[in-house]
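Below you'll find the structure, written out as structure tokens, and then a few comments.
Each reported figure results from applying straightforward, stated rules to the coordinates on display, with no laboratory input. Predicted, not measured: the structure shown is a model, and the values here were computed from it. Note that we place each Cβ from the backbone using ideal geometry, even for glycine, and neighbour counts take in every protein chain shown.
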Amino acid sequence: MRRAALRSALALLACAAAALPAGAQAQSAQSAQSAQTAAGGRGAVVIELKGFLRTEVVAQLRQALEGADRERFPAGAILLLDSPGGEAEVGMQIGRMARAANAHAFVRGRCASACVLILAGSVLRAAPTGAVGLHRPQLALRPRSGPIVPLEAGDRSGSDPRAVALLDEVQKRMQAYLEEMGMPGTLWEAIMAVPAGGTRYLTREELKSYGLLGFDADYARMRAGSAARRLNLPEEEYARRTLDTQNRCVDAAPAQSATEFARCYRRTLEAP
């Protein structure tokens, strides 16, 4: 029974509740995670991902992303992210689906904790200053009685050795995942430098240095040139307009629908 309890505790790894501002935890814990999809921009699949990342949403997202045309211009799949985090395993699953679909991700609200794993998996990452938050992984143990006991990565004092081993294993998987997605090692270092009880929100310069702003390098080599030629633009201008979509279509119009966003994205690329 105890072994099963420890395994089930994996669901709370990268504990998002620890990243919530004071007073928001109870309200957010009661709100269900949601994913809404819409067809827009000549058939693009636009997915609004809001709330905690929980197992229930994976199948829904998989079905939506499997229908996306990964070769469509400017993107067959677009993710609009607004999540304080949640289950690390879910973040990695969605991130791999995003990579397979060549998904472009934009942060609408915030993207913290396990949500960063989705951002890393996307082939285009865009976010404003102060919207992407990092902290080291945490495991929340559920004893048969009493409060939930947090176990933070690197904590060895007085902890159940099996819980420590479980946390170490998932920590290794997270690090390997970021390497798989082509992220710089400095991103993992930055994650591990922040205690799980707090969150470090990144500046634009930090987003760039950690690989969380702009195109994935392999995707850029394969697609940026052809996309720029399609628009009769230099590659640098194509990249600039792509990131300007965050300003024009997300930050300046946070309430627009998924379909409206897709149309705005295309307009931004086609006109300065």
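Some observations on this one:
- Working from label points 7 Å from Cα in the Cα-to-Cβ sense, the Gln63 to Arg162 distance is 3.6 nm.
- Residue order for Met222, Met92, fewest other beta carbons within 10 angstrom first, comes to Met222, Met92.
- Label-point separation, Ala255 to Asp218 (7 Å along Cα→Cβ), nm: 4.2 nm
- Annotation: amide H-H contacts under 5 Å for Ala103 (H modelled 1.01 Å from N, sequence separation of 5 or more, or interchain): Val123.
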